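Accompanying notes for the structure given below.
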Amino acid sequence: MSETMAELVGFDEAIARYDPLIGLETHVELGTVSKMFCGCPTGFGAEPNTQVCPVCLGLPGSLPVVNAAAIESTIRIGLALNCSIAGWCRFARKNYFYPDMPKDFQISQYDEPLCTDGWLDVTVHPEGAPPSQLRVEIERVHMEEDTGKSLHKGGATGRIHGADYSLVDYNRAGIPLVEIVTKPIAGTGSLAPAAARAYVTELRDLLRSLGVSDVRMEEGSLRCDVNTSLAPRGSGSWGTRTETKNVNSLRSVERAVRYEIERQAAVLDAGRRIVLETRHFHEDSGTTTAGRSKEEAQDYRYFPEPDLVPIAPSPDWVAELRAALPELPAARHARLQSEWGLSDLDMAALGNAGALDLVAQTVSAGAAPAEARKWWLGELRQRANTEGIELTALAVTPAQVARVSELVASGGLNDKLARQVLDAVLAGQGSPDEVIAARGLAVVSDDSALLAAVDEAIAANPKVAEKIRGGKTAAAGVLLGAVMTTTRGQADAARVRELILERLGQH
Amino acid sequence: MTAELTRMTAAEMASAIAAGQVSAVEVTQAHLDAIAAVDGRVHAFLHVSAEIALAAASAVDARRAAGQPLGPLAGVPIAVKDVFTTADMPTTCGSRILDGWQPPYESTVTRRLREAGAVILGKTNMDEFAMGSSTENSAFGPSRNPWDLTRVPGGSSGGSAAAVAAFEAPLGTGTDTGGSIRQPAAVCGIVGMKPTYGGSSRYGVVAFASSLDTPGPLARTVLDAALLHEAMSGHDPCDSTSIDAPVPPVVAAAQQADVEGMRIGVVTELGGEGYQPGVLARFGEAVELLESLGAKIIEVSCPHFGYALPAYYLIAPSECSSNLARFDAMRYGLRCGDDGTRSAEEVMSLTRGEGFGAEVKRRIILGTYALSSGYYDAYYGKAQQVRTLVTRDFDTAFGQVDVLISPSTPTTAFRIGERADDPMAMYLADLCTIPSDLAGNAALSVPCGLAPDDGLPVGLQIMAPVLGDDRAYRVGAAVEAALRERWGHPLLDEAPELTADGMGAAGARSTK
Ligand SMILES: [Zn+2]
């Protein structure tokens, strides 16, 4: 934290002179019932050190036994990422001392990962530019066990430095982790930050659709390290990379890459060199600060884990798992687009707003796709933005939106009333039907009640009426507006329009 | 009566107890008395649990009285190497760093022994974390060889071997990583078996070298060793390297005890120069004996055995450097220098500095070096290749013969302190035993007489293929029976009597 505020080069200026190279290492906590090598439960939020046993505490004499469900999840992830699945591979020990690591080594995989050489197609949505496709190459997917968690008490920063004492919670120790490593991603230029975000978003959706993890970045079940390096534009000679940790949201992924590009450009412009190090991202300021230096490479003394036998998934089993994969997000996206008849841009807008699932559920509940899309991206997104929350956090269900949409289509509500109904639903006043009943918000389509208002409007606007009589039916909108005002918006606009034209001899 | 009880074999004790001729409590008390009488000088035990032992014994007596079925070792006392975790007794591994540690869980082997009705007397001394061949590396002082209290009982399972040889217990458990069961058995004049790797569970065995550690039995007769072998072995889902196959029929093989028509290979590379003449003399007689019993003796060459010892001293330290990392003062055991001024890292290194003995440190440093980046291929990687070659030597040999034999050790028991400052000399004690650890096959040591040059026990090693443990017992039992007939009594009858008051007198009988 002693580092002074770094100088930055503006992003556009940085990209004009440097090509960025990014790479992502993502750790996913698998949602298995028990830990990687013992039977302890994996639930989040239990009292410290209550989900532990001799094995995950690494007590002398204890031995690991592989959780078959974790292997299965990892293979499914590998298959969904188009990887080759190893016919035979081993765990390895990664040796280093740290109090939150019960055995002072981590069981991981080293030179024999379970899944290798895959890819994930992602759609990059840059602000103010059309979406573009990017194929991200996956280098490897491997398994390892999570460590415990250190809590540093006292001191100002909550970091180990300056703390009075530290507590360790081993509940997390031994929870199965899958690490997904991309190959370096080059050629994205100014899209690098958006590309990083798009990759993590797509990966998160993929993992969620596989049901292997709850992929909650805020709870740490999806953790991302972002590697960034620069090369002078067009030179292809990549500089030293930094590894940014503590990137805990999709937005942060994008900001972290952007910041590192700006910071590294400034360092290189000043003729200094990039230090090989881990950097910590700070959510509040959107900046990174130097962490552990990697200039002197730590020697983890990897060697094959002698306590475990090799993993040798049979080709039949792998084929079975492949056949049983669910519809993956990319395929689903394509299917929905063709079913709904939406353009690429429309779909991109849905994706960006995180509204794809909501719209799909609203359509399933009976709404027309265009209507469902209109509600979620229009009215409801505005409300979510005002409140500063995600669409999914709004207090309205897709089924309720579908009901409102249905009432509008059948003429039971007009748009204005529909908005009032949704406001009431969002305010917790009940379902759309309950709100309508309680407030008497039904559309007035009774001709006798409407005719009086129509006649009143004609009388008050003789010149407009004359134009309509003369065949300029477009002018009917003025009279319609007047009727809507007198009926406080509850009139059935279509019927009012018909009545106006009828009255003025245009029917 | 007491002396007679402790001189019985485990098989005799079990049947006497089952028949009601003697109670389990009487048998246990007799052994507790023996420990009280002699262990001050033998120092086989680090911890004696008299109350727990007597309670277990009276539970056996109660079962018998109630007519309930008894386990195969019901009421038979046993000495457990202090490397097995026990939920009701401390487990120290002979190390200061675990002094006073009380495990919260039970090892699979001791759980099975208790289920078989065995009565655990206590925990026996060992070289620290099973690293050594003499028990001199124990943080709690060496054990002594009952044949000559100035000599080592071998190691690392020296405490269990000494307890069995001194009639403090009829049975003992050990672990064999480079010879830690067979070598002490040989120099104490008893039987010791390293089962096939994976044949007995390592769950709850504090690890030295995971790919080598093998729990096994120590006993005074081949049949007793087989009974214990059978009771402690079998597949364990808690140990991934445990073999999911039936335990080989070791008890039946020990009872069969004949070698008629068997092909027995004498390993050229295990003998000759550097071996004690008295050891070679007794080994030669054993070969003649086997031939006279109807076996076909074939000379077999295992050309890579000469590289086994150096390969072992890369593989075992490498694994131990990782296995012993967990002793970091954070969760259990010793903690030094935690006075509020030191970082966790400083407390870790102070504790490890104070808590580990010299030999353990030597091996951790050796292993850390061998696994280092840039050295891995030349050391650990190369050693693994040697391991493969040694295994192939065995495969080839077992294509020609049923079992292989050699001396168990190049020399008889050496004097306490004699090799303490010379690690290389100490390491040579395991010259004959290490190949079977590297290859993971079964190997038994049975007494084959006293070396004519120093009057100390010599062991005959019988090596059998993976999961061919029964073959080793069959040959061992045949040798045991033939020698007993020749001598007219068991070899241990020649050991000096250890009396309560002073050094033992010389043995009353002679082998001639
Ligand atoms: Zn656990």
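The values are calculated or read from the model by the stated rules, or taken from the named source; none is laboratory data. Source: prediction; values computed, not measured. Methodologically, a virtual Cβ is constructed for each residue, glycine included, from the backbone with ideal geometry; neighbour enumeration extends over all protein chains shown. Heavy atoms of the whole protein, side chains included, go into the accessibility calculation; ligands, DNA and RNA do not. Shrake-Rupley method; radii C 1.70, N 1.55, O 1.52, S 1.80 Å.
Here are the numbers for this structure:
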quantity	calculated
In region B:296-340, residue nearest to the other protein chains (Cβ to nearest Cβ) [restricted to those that are open to solvent by less than 10 Å² (accessible area, probe 1.4 Å) and among the aliphatic types (A, V, I, L, M)]	B:325
Region B:1-30 residues that are among the charged types (D, E, K, R), paired with ones that are modelled with pLDDT of 95 or more (beta carbon under 7 Å, 6 or more apart)	B:7/B:167; B:26/B:5
Identity of the residue in region B:7-50, surrounded by 21 or more Cβ atoms within 10 Å (Cβ to Cβ) and among the polar types (S, T, N, Q), that ends up farthest from residue B:225 (Cα to Cα)	B:49
Selection status of residue A:84, under 29 Å from the mean Cα position of the chain (by Cα) and either in contact (Cβ under 8 Å) with a residue 40 or more places away in the chain or within 16 Å of the ligand (Cβ to nearest atom) (or both)	no
Region A:45-69 residues that are away from chain B (no Cβ under 12 Å), paired with ones that are of a type in the set (S, T, N, Q) (beta carbon under 8 Å, 6 or more apart)	A:46/A:171; A:48/A:171; A:50/A:171; A:51/A:42; A:51/A:171; A:69/A:32; A:69/A:34
Check on residue B:91, within 14 Å of chain A (Cβ to nearest Cβ), of a type in the set (Val, Ile, Thr), open to solvent by less than 40 Å² (accessible area, probe 1.4 Å) and touching a Ser or Thr at 6+ places or on another chain (Cβ under 6 Å)	yes
Breaking point among (1) farther than 25 Å from residue B:169 by Cα; (2) within 14 Å of another protein chain (Cβ to nearest Cβ); (3) buried (at least 23 other Cβ atoms within 10 Å of the Cβ), for residue B:237	(3)
Only listed residue being more than 19 Å from residue A:61 (Cα to Cα), open to solvent by less than 10 Å² (accessible area, probe 1.4 Å) and more than 17 Å from the chain's Cα centre (by Cα), chosen from B:245, B:226, B:219, B:253	B:253
Yes/no for residue A:278 being out of contact with any helix residue (DSSP H, G or I) (no Cβ under 8 Å at 6 or more places or on another chain) and open to solvent by less than 10 Å² (accessible area, probe 1.4 Å)	yes
Hits in region B:32-85 - residues which are in a loop (DSSP other than H, G, I, E, B) and within 14 Å of chain A (Cβ to nearest Cβ)	B:82, B:83, B:85
Hey, residue A:459 touching a helix residue (DSSP H, G or I) at 6+ places or on another chain (Cβ under 9 Å) and in the same structural domain as residue A:494 (by TED's automatic domain parsing) or not	yes
Residues of region A:189-200 satisfying the condition of being touching a helix residue (DSSP H, G or I) at 6+ places or on another chain (Cβ under 7 Å) and buried (at least 22 other Cβ atoms within 10 Å of the Cβ)	A:192, A:193, A:194, A:196, A:197, A:200
Selection from region A:36-71 of residues that are more than 11 Å from the ligand (Cβ to nearest atom) and buried (at least 16 other Cβ atoms within 10 Å of the Cβ)	A:60, A:61, A:63, A:66, A:69, A:70, A:71
Residue B:253 vs. criteria of a type in the set (Gly, Ala, Ser) and either assigned to a loop (DSSP other than H, G, I, E, B) or at pLDDT below 95 (or both)	no
Some residue of region B:384-402 being within 12 Å of chain A (Cβ to nearest Cβ) and of a type in the set (Gly, Ala, Ser)	no
Region A:21-44, subset of a type in the set (A, V, I, L, M) and assigned to a loop (DSSP other than H, G, I, E, B), residue farthest from the other protein chains (Cβ to nearest Cβ)	A:30
Helices (runs of 4 or more DSSP H) enclosed by region A:385-500 - at least 3 residues per element that are farther than 20 Å from residue A:358 by Cβ, at pLDDT 85 or above and open to solvent by 60 Å² or more (accessible area, probe 1.4 Å)	A:447-460, A:462-469
Any hit, region B:351-361, residues being of a type in the set (Asp, Glu), open to solvent by less than 10 Å² (accessible area, probe 1.4 Å) and under 27 Å from the mean Cα position of the chain (by Cα)	no
Qualifying residue in region A:15-35 (condition: surrounded by fewer than 19 Cβ atoms within 10 Å (Cβ to Cβ) and within 15 Å of the ligand (Cβ to nearest atom))	yes
Filter result for residue A:74 (within 16 Å of the ligand (Cβ to nearest atom) and either buried (at least 22 other Cβ atoms within 10 Å of the Cβ) or not in a helix (DSSP H, G or I) (or both))	no
Tabulated pairs, region A:306-321, first more than 10 Å from every other protein chain (Cβ to nearest Cβ) and closer than 19 Å to residue A:67 by Cβ, second open to solvent by less than 60 Å² (accessible area, probe 1.4 Å) and of a type outside the set (A, V, I, L, M, F, W, C), C-beta under 8 angstrom, 6+ apart or interchain	A:312/A:87; A:313/A:87; A:321/A:76
